[in-house]
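So the structure is just underneath, and the comments pick up after that.
The values are calculated or read from the model by the stated rules, or taken from the named source; none is laboratory data. Predicted, not measured: the structure shown is a model, and the values here were computed from it. Cβ atoms come from the backbone with ideal geometry, glycine included; neighbour counts cover every protein chain shown.
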């Protein structure tokens, strides 16, 4: 065994911070690596099978559903992760149980209300054709309660530091079943935007069942025996900034799709989605880091261990950048041939420059490190929200200005500028609030 491997093996078996992060990265990173080919193959299959028009319709509806789902699950995610980590650390099992009950009730009631609103709007505007956006959106609302509950379960397990099991349903079960069903639809000639959405609904249902099983098995036994306790005021005050933060974060990622769906064409939406799928490979390493280090940040902050916080931020940012660089450079320099090879000729002309621009933006994102998560887990969610709102305003303004003239390329440029601005602001706030620079430098 080489000295490097010996050092890595010893580090992996240790009990220190680096050892815990390495073990977490191996688990979540392994899931991401297994999930990546599933999601990429499904994306390629849909892009080729549906064509630019159909893929654009499917992508637009999925972006709207992601936005609608925010208040009923994903918007609560970071709050749940922080509170669960805190309640487990303090053995406050009654509050733990009360939090889970209230958030699940909110997810179910909220999804029903949201679906009812969409049904009313669809009844007035839908033409009930196979390519009608209102018809497709009404069908997709079946995902809302499942998305909400899936987000709550994953956030709870992350708070309990079971990051591997938190991500397993979404990273393997859901994309795996979606790929199998979509592939079967393509082979039988039944693939269209409606059946592609139906495939996502079935896959999301499977992820819900798997996630429910994991949470039931891994939840501390003391929770079910504890007397219910609630802190409605405290949760309510924290809920708005957390929900707004999740909404702004999702909008920053989806505003281009939504703007092109409004001002552009379905072909534009499809090209942007292809470019975004490629650029997300660049930020994959930072995504893995963020999934893993949240509870450790909360604990270090509660123990007033500033040195440990700095080590977490620096080490994780540097590791993420080392992994991101060899992924980003080929996408930036040779994106055209790669898109032609993978997605086909119909996407190569329109998606090449957007892929390069988004690749640069995401590489800068990785270099800044987990600035938003640091502020969030240390109780400064308002700073994180302010930074993302600033980035979103710039993103949206530039998109509206650039789309009429530059189309997809304009949206990519607007998105990358927004990423750089909000990362710079959050890094500045980290220095002011936490007393250290969080980036790779």
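Among the residues making up region 93-104, those that are over 10 Å from residue 229 (Cβ atoms) and more than 23 Å from the chain's Cα centre (by Cα) are 101, 102. For region 317-329, the set of residues classified as in contact with a helix residue (DSSP H, G or I) (Cβ under 9 Å, 6 or more places away or on another chain) and surrounded by fewer than 16 Cβ atoms within 10 Å (Cβ to Cβ) consists of 322, 325, 329, listed by residue number.
Quick grid of which residues meet (1) part of a helix (DSSP H, G or I); (2) closer than 27 Å to residue 154 by Cβ; (3) within 21 Å of the chain's Cα centre (by Cα):
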{"residue": "246", "(1), (2), (3)": "yes, yes, yes"}
{"residue": "260", "(1), (2), (3)": "yes, no, yes"}
{"residue": "282", "(1), (2), (3)": "no, yes, yes"}
{"residue": "307", "(1), (2), (3)": "yes, no, no"}
{"residue": "357", "(1), (2), (3)": "yes, no, yes"}
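Within this structure, residue 28 passes the test of being buried (at least 20 other Cβ atoms within 10 Å of the Cβ), at pLDDT below 95 and in a helix (DSSP H, G or I).
When the criteria are applied in full, residue 286 fails the requirement of being closer than 21 Å to residue 440 by Cα and either assigned to a loop (DSSP other than H, G, I, E, B) or in the same structural domain as residue 193 (by TED's automatic domain parsing) (or both). With the condition kept exactly as written, say whether any residue in region 189-200 is without any contact (Cβ under 8 Å) to a residue 12 or more places away in the chain, outside any helix (DSSP H, G or I) and over 24 Å from the mean Cα position of the chain (by Cα). So far as region 189-200 goes, yes, one or more of its residues are without any contact (Cβ under 8 Å) to a residue 12 or more places away in the chain, outside any helix (DSSP H, G or I) and over 24 Å from the mean Cα position of the chain (by Cα).
Results for (1) part of a helix (DSSP H, G or I); (2) surrounded by fewer than 20 Cβ atoms within 10 Å (Cβ to Cβ); (3) on the phi > 0 side of the Ramachandran plot; (4) within 17 Å of the chain's Cα centre (by Cα), shown as yes or no for each residue.
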residue	(1), (2), (3), (4)
297	yes, no, no, no
300	yes, no, no, no
315	yes, yes, no, no
372	yes, no, no, yes
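Within region 264-272, not a single residue is in a helix (DSSP H, G or I) and either outside the structural domain of residue 357 (by TED's automatic domain parsing) or under 18 Å from residue 426 (Cβ atoms) (or both). Selection within region 374-388: residues that are closer than 18 Å to residue 302 by Cα and surrounded by fewer than 24 Cβ atoms within 10 Å (Cβ to Cβ). The member of this set that is nearest to the chain's Cα centre (by Cα) is 381.
Okay, residues lined up against (1) farther than 25 Å from residue 320 by Cβ; (2) part of a helix (DSSP H, G or I):
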site	(1), (2)
379	no, no
385	no, yes
392	no, yes
396	yes, yes
399	yes, yes
403	yes, yes
413	no, yes
422	no, yes
430	no, yes
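If I filter region 38-75 down to residues being at pLDDT below 85 and assigned to a helix (DSSP H, G or I), which single residue comes out as surrounded by the most Cβ atoms within 10 Å (Cβ to Cβ)? The extreme case among them is 72.
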